[in-house]
Structures are given as C-alpha cells and as structure tokens.
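The values are calculated or read from the model by the stated rules, or taken from the named source; none is laboratory data. Predicted model only: the values in this text are computed from it and were never measured. Because the Cβ atoms are built from the backbone with ideal geometry, glycine has one as well, and the counts that use them run over all protein chains shown. What goes into the accessible areas is simple: the full protein's heavy atoms, side chains included, and nothing from ligands, DNA or RNA. Shrake-Rupley method; radii C 1.70, N 1.55, O 1.52, S 1.80 Å.
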Amino acid sequence: MLTLVNLVILIGAALLVLSTFTSLLSRRLGVPILLVFLGIGLLVGVDGPGGVIFDNAPLAYFIGSIAMAIILFDAGFETPWSTWRTAAGPGLVLATLGVLATAGLVGATAVYLMDVDWVTGLLLGAIVASTDAAAVFLLLRMSGVLLRERVKATLEIESGSNDPVAIFLALGLVPLVGSPNPSDLLGFGLAFLQQFSIGGAGGVLGGFLILWLMERLELEEGLAPLLVAGLVVTLFSAVNLVQGSGFLAVYVAGLVVGNGRMRGRVEVQRFQTGLTWLCQIGLFLTLGLLATPSDFLEVGVDALIIAAVLMFLARPLAVWIGLLPFGFSRAETIFVSWVGLRGAVSILLAIVPLLSGHAEGSLLFNTAFIIVLASLLCQGWTVRPLAKALKLTIPPRIGPLERVELSLPGDTQMEVVAYRVHAESPAASGRPLPRFARPSLVMRHGSAVDLRADESLEAGDQVYLFATHDQVELFDKLFAGSAEIDPEDRLFFGDFQLGGETALGDLAAFYEIDIGEEPPELTLAFIFEDEFGDTVEPGDRLRIGPFELVAITTGEGQVLKVGLLLDPPPKPSPIPYLPSGREILSLFRKRPGKRHAAASKGLPMASVPKQSQPTPSKQDKTS
C-alpha cells in the first residue's frame with residue numbers, strides 16, 4: 001500500500017514538473033499552453049506511452065469542479081471595473097444569448113449528423129457552447145499581443161461570465177433526455193432564474209464577507225491567502241447546496257474582492273496566481289488522463305465537422321448578431337468570433353452525461369474532446385497573426401520593466417513599489433528626479449545610497465517608493481526602458497501626433513489638401529465623436545481626404561491625441577465582406593452626422609469645439 005501511495009505521489013509530482021517546464025517551450029513555439037497540458041495527460045494516459053489507467057469519472061468531475069471554482073474566482077479578481085464599464089453590454093450579450101444561439105446551431109448539426117434526438121443534440125451544443133475562461137485569459141496574457149481595450153474587455157467578460165450559463169444548460173438538459181414535456185420546459189426556465197439570482201446574490205454577499213473578514217482579522221503571515229481560497233471553495237459549495245449557481249457566485253465574488261479595498265492584497269494576488277496555475281495544470285492533466293484516444297476514431301469525422309460548423313458558422317453568426325447593437329467594426333467582430341476557444345469547461349461538462357448514465361455518454365464525451373482539441377489547435381495557434389492582420393493590436397507604450405509590489409500591514413491605501421532602473425529609462429537620463437518620485441531607499445551595488453536632491457539615479461539602481469495605486473502606472477513609465485519601435489508602429493501612431501483640439505481646416509490648409517464637404521472649423525476630437533460616439537477608444541481610425549486619422553489617447557469618451565498618417569496603405573480585404581455594426585446602424589439614421597448638420601445650418605465657430613493647439617510647424621512636416 002505504501003509503495004502504491006509513493007508511486008502515485010511520484011507520478012503526480014513528475015507530471016507537475018514536466019508541465020511547468022513545457023510551458024517554456026510553449027511560449028517559444030507559440031503553442032497554446034493548455035493544449036500542452038492536455039497533450040501530456042493524453043500521452044501519460046491509457047493509450048499513450050505512460051499507460052496509466054484512469055477511468056474514475058466522478059473523481060475527475062470533483063477535481064474539475066473545484067479547479068474551475070478557483071479559476072473563475074481569479075478571473076473575476078483580475079478584472080477591474082473599468083473593463084466592465086468598457087464592454088459590459090456586448091460581453092453579457094455574448095455570454096447569454098450568444099451561448100444559446102451557439103448551442104442551438106451546434107445541436108441542430110449534431111442531430112443531422114449523428115442521428116440523435118433533439119435533447120441530446122442540444123446537450124452537446126450546450127457542452128461546447130461557452131468559451132473557456134482559462135484558455136482565453138491565458139492566451140491573451142501570454143500571446144504578447146496588446147489588443148484594443150474594447151475588444152480585450154469583451155473577450156474577458158464573455159469568457160468569465162458565460163461558463164455558468166453553459167453549465168446550467170448542460171446540467172438542466174440531462175434530466176430532460178427521453179421525456180421532454182411542456183412542464184419540464186417551464187421548470188427549466190424557473191430553475192434558470194433561481195440559479196442565477198441565488199448565484200449572483202450569493203457572490204455579492206460572499207465577496208463583501210471576504211473583504212470584511214480580511215480587514216478585521218489579524219492573521220499570521222501566509223495565512224491570509226489560504227483563508228481567501230478556503231472561503232472561495234466554501235462559497236462555491238454553499239451556493240450549490242441552496243440550488244444556486246456556484247460558478248457564477250465565485251466569479252461575482254472575485255469581482256467584488258478584486259475591486260475592493262483589502263489588507264494583504266499583494267500576497268493574496270501572488271498566491272492566487274500560483275494556485276490558479278496549479279488548478280489549470282491539474283484540471284487539464286486529469287481530463288487528458290480520463291480520455292481514451294482509441295475511441296476517438298468512431299466519432300472523429302462527425303466531431304471534426306461539428307467543430308468546423310462551430311468555428312466557422314455557429315460562433316461567428318452568434319457573435320455578429322450579438323454585437324450588432326454595439327457598433328463593433330467588421331474586423332473587431334471577426335476577431336471576437338475567432339477567439340472563442342473551447343477548453344476545460346466543455347470537457348468537464350461532457351463528464352456529466354457519463355455520471356448520469358446517459359446512453360450516449362461516451363459519444364458526447366469523445367465528440368466534445370475532439371472539438372476542444374480542434375479549437376485549441378486551429379484557433380489558439382492563429383490569434384497573434386489574425387490580430388495583426390486585422391490591425392487590432394496596439395504597440396506597447398513602455399519598454400522593459402522590473403517591478404515588485406510590497407503591501408503594507410494595516411494600510412490599504414499605500415504600498416511599497418520596488419524598481420530596477422532601466423538603462424534607457426527617463427530616470428537614468430542624468431536629470432534629478434521630480435519631487436513626487438523621490439525614492440525612500442536606493443540600493444546601488446548592494447549598498448544603500450544617500451540620494452541628494454541634485455543627484456540622479458544610475459542604471460541598475462534598485463529604488464523603493466511609497467505609492468498609491470494610482471501612482472504606479474506613472475512610476476512604471478519613469479523607471480521602464482523605452483518601448484521597442486516596431487516598423488508597424490507608424491501605422492498606429494501616424495507620421496506625427498496632434499492634439500484633439502486641432503481644427504480640421506488648419507490641418508487641410510497646412511498640407512494643401514481637399515477635405516471635401518467636411519466643415520473646416522471642426523476639431524479632430526469632434527470628428528471622432530461624431531463617427532464613434534462615446535465608444536471611441538485608442539486604435540479607432542477614420543479617413544478624411546487623402547490621409548488617415550488614428551485615435552491614440554482618449555479620456556472620458558473624448559480623443560485627446562490623434563495620429564496623422566499622410567500616406568496610409570489601401571484598406572486590406574483578406575476576408576469576405578461582412579457589414580459591421582456601425583454600417584448597419586448608420587442605415588437607420590434619420591439625420592446626417594452632427595458635423596455636417598452644423599455646416600448646413602451655417603452655425604458659427606463658437607457652436608463647435610475650437611482649436612486651442614497650434615498647427616504643426618514646417619519642422620514637424622519635414623520630420
């Protein structure tokens with residue numbers, strides 16, 4: 001018995017170490033890291049070289065449920081309120097109506113191909129309908145691609161909040177197999193309202209309870225993160241016991257805790273990051289071990305056809321319809337529809353029919369597994385090139401940065417931030433630091449340095465500063481290296497930059513260009529507001545005459561800085577034409593845009609924003 005226990009421990013630890021090392025290879029080759037973890041599980045499993053037999057579906061579902069609870073809490077914890085303010089509407093529409101539409105289309109395909117009843121087909125659709133929070137979050141963080149904020153926020157909100165919807169659909173459809181009737185459907189709808197109302201309320205109460213306890217308990221160092229993790233699992237199980245959605249509860253609790261004031265935040269965040277990685281590795285390894293690849297041959301062709309329908313028809317159609325009211329561009333819609341990765345949630349839900357004794361349980365599990373593999377292989381590997389092809393990326397504004405945050409006991413307002421001064425940073429330029437950025441401690445070559453008011457820092461110095469949360473971003477820019485200039489950055493930043501207050505007429509006169517019917521007295525910021533409304537964000541662009549304007553910095557829905565591209569490339573058309581939300585909504589306008597209405601009425605310049613920034617000089621033009 002002891003030998004068996006030690007052998008199990010040895011295998012588990014070896015798999016954990018192997019998965020950790022292969023993450024380095026994943027980053028270099030661009031392979032989706034969760035696909036690597038899943039592949040290791042398959043290789044060690046019954047049909048792989050490892051030959052480990054693991055067919056305990058209840059244990060796999062138990063491990064997966066706890067792991068998903070931790071992962072979803074971390075997803076909420078790492079999502080700031082600003083993300084929700086940016087894309088709450090489109091994210092929630094995709095997480096609800098998008099999941100329903102995807103499940104319906106996939107279910108219809110399964111009924112036609114596999115000759116199963118409608119409830120079983122819809123069950124398969126529900127299993128693979130949601131995007132995987134772990135897959136999407138990791139892919140966005142590790143791909144090295146900086147996306148425009150609204151696109152990134154929409155994907156994060158959708159992936160974090162659509163799992164509870166898909167989980168409810170799958171769990172609710174299992175009892176309907178074989179005997180669906182109107183009363184069952186009515187009960188299904190009532191159960192949906194109950195699950196989400198209890199789950200949402202429980203998440204809010206649980207989040208505030210965690211914050212309250214963390215503020216009032218004086219714990220030994222290292223115990224606070226364990227307390228938070230224990231409370232998360234407790235909340236998950238308690239809400240499930242009262243017939244609520246535990247997955248929704250932990251995600252909402254993560255939002256509350258992550259955006260609240262909490263003692264020991266830095267320690268909790270670090271522990272949560274490591275624990276989430278452990279859960280992701282354990283979850284994917286377990287699901288890989290549970291699968292039997294030799295059984296995939298029976299459903300391989302049908303499963304791949306369903307995967308193609310999901311990726312190229314069901315998901316794009318659901319996203320296109322869901323994003324229509326929000327004015328997303330064609331490129332944004334295509335990218336959001338493509339980054340709909342399936343992952344652990346789909347495989348975890350595919351275990352439910354096995355546990356319930358469903359006659360087609362093995363068929364559903366193997367089909368879902370193949371769909372997940374196809375999604376990670378096809379979609380996960382192409383996110384970076386697609387984002388660049390659709391011009392949805394933004395270049396980094398700061399370069400290399402070494403930063404460590406240290407929380408202060410008993411104080412939630414201030415934290416200690418440590419930096420290593422980069423050789424190309426503004427702080428190492430030889431000029432004295434501004435008063436607000438004077439460090440409390442400077443370490444140079446292992447010794448403390450008394451930095452006088454007229455002295456400057458050197459490259460490699462370690463500086464320690466007391467800072468509020470709002471100051472950290474400013475300090476990052478001060479101590480980081482300069483951003484690496486990419487040849488494509490010109491297409492984002494333009495040939496030079498102008499203030500949003502610059503008048504269009506002054507710009508046209510300086511470059512001697514024809515702006516057509518555009519009113520010359522209007523500012524560049526006003527033109528963006530007329531085109532995009534209050535949804536304008538960095539990266540949005542429009543053409544006027546022979547040049548292109550790019551919104552670079554924005555604040556409170558207004559453009560503060562605009563890039564001017566004098567010789568823009570022709571608009572690429574690498575994809576079939578698909579009307580964007582803005583184009584369709586423009587068909588319902590009953591009046592022309594505000595800037596043309598102002599010109600037609602002959603309003604004076606005082607009725608529109610005036611220019612307060614000087615026009616570019618001849619030196620700017622020649623540069």
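Rounded to the nearest whole Hz, the Karplus-based 3J(HN,Hα) values (6.51 cos²θ - 1.76 cosθ + 1.60, θ = phi - 60°) of segment 76-89 follow the sequence x, 4, 8, 9, x, 4, 4, 5, 5, 5, 6, 9, 4, x, with x at glycine and proline. The chymotrypsin sites (Phe, Trp or Tyr not before Pro) of segment 64-105 include none that meets both criteria, a DSSP state outside H, G, I, E and B (loop) and at most 13 other C-beta atoms within 10 angstrom of the site's C-beta.
Label segment 37-78 by shape, choosing from rounded, prolate and oblate, from the square roots a ≥ b ≥ c of the eigenvalues of the Cα gyration tensor; if a/c is under 1.5 it is rounded, and otherwise prolate applies when a/b is larger than b/c, oblate when it is not. Taking the square roots of the gyration eigenvalues as a ≥ b ≥ c, segment 37-78 is oblate. What the phi angles of segment 296-307 give under the Karplus curve with 6.51, -1.76 and 1.60, with θ = phi - 60°, is a coupling list of 5, 4, 5, 10, x, 5, 4, 5, 5, 5, 5, 4 Hz, glycine and proline written as x.
To put it simply, the accessible area of segment 335-380 at a 1.4 Å probe is 62 percent carbon and sulfur.
Placing dummy labels 7 Å off each Cα toward the beta-carbon, the span from Val404 to Ala13 is 2.7 nm. Solvent-accessible surface of segment 86-129, taken per residue with a 1.4 Å probe and all protein chains present: 34 Å². Pull out a ≥ b ≥ c, the square roots of the eigenvalues of the alpha-carbon gyration tensor of segment 283-394, then state rounded if a/c is under 1.5, prolate if not and a/b is larger than b/c, and oblate in the remaining case. Prolate, since a/c reaches 1.5 and a/b exceeds b/c. Looking at segment 244-384, the accessible area is 31 square angstrom per residue; that uses a 1.4 Å probe and ignores ligands, DNA and RNA. Which shape class applies to segment 199-348: rounded if a/c is under 1.5, otherwise prolate when a/b exceeds b/c and oblate if not, where a ≥ b ≥ c are the square roots of the Cα gyration tensor eigenvalues? Because a/c hits 1.5 or more and a/b exceeds b/c, segment 199-348 counts as prolate. Calculate what fraction, in whole %, of the accessible area of segment 172-285 sits on carbon and sulfur atoms when a 1.4 Å probe is rolled over the protein chains. C and S atoms contribute 69 percent here. Highest-first packing order for the peptide set 332-345, 373-386 is 332-345, 373-386, based on the mean count of other beta carbon atoms within 10 Å. Using the average count of surrounding beta-carbon atoms within 10 Å as a protection proxy, the listed peptides 276-286, 58-68 rank, highest first, as 276-286, 58-68.
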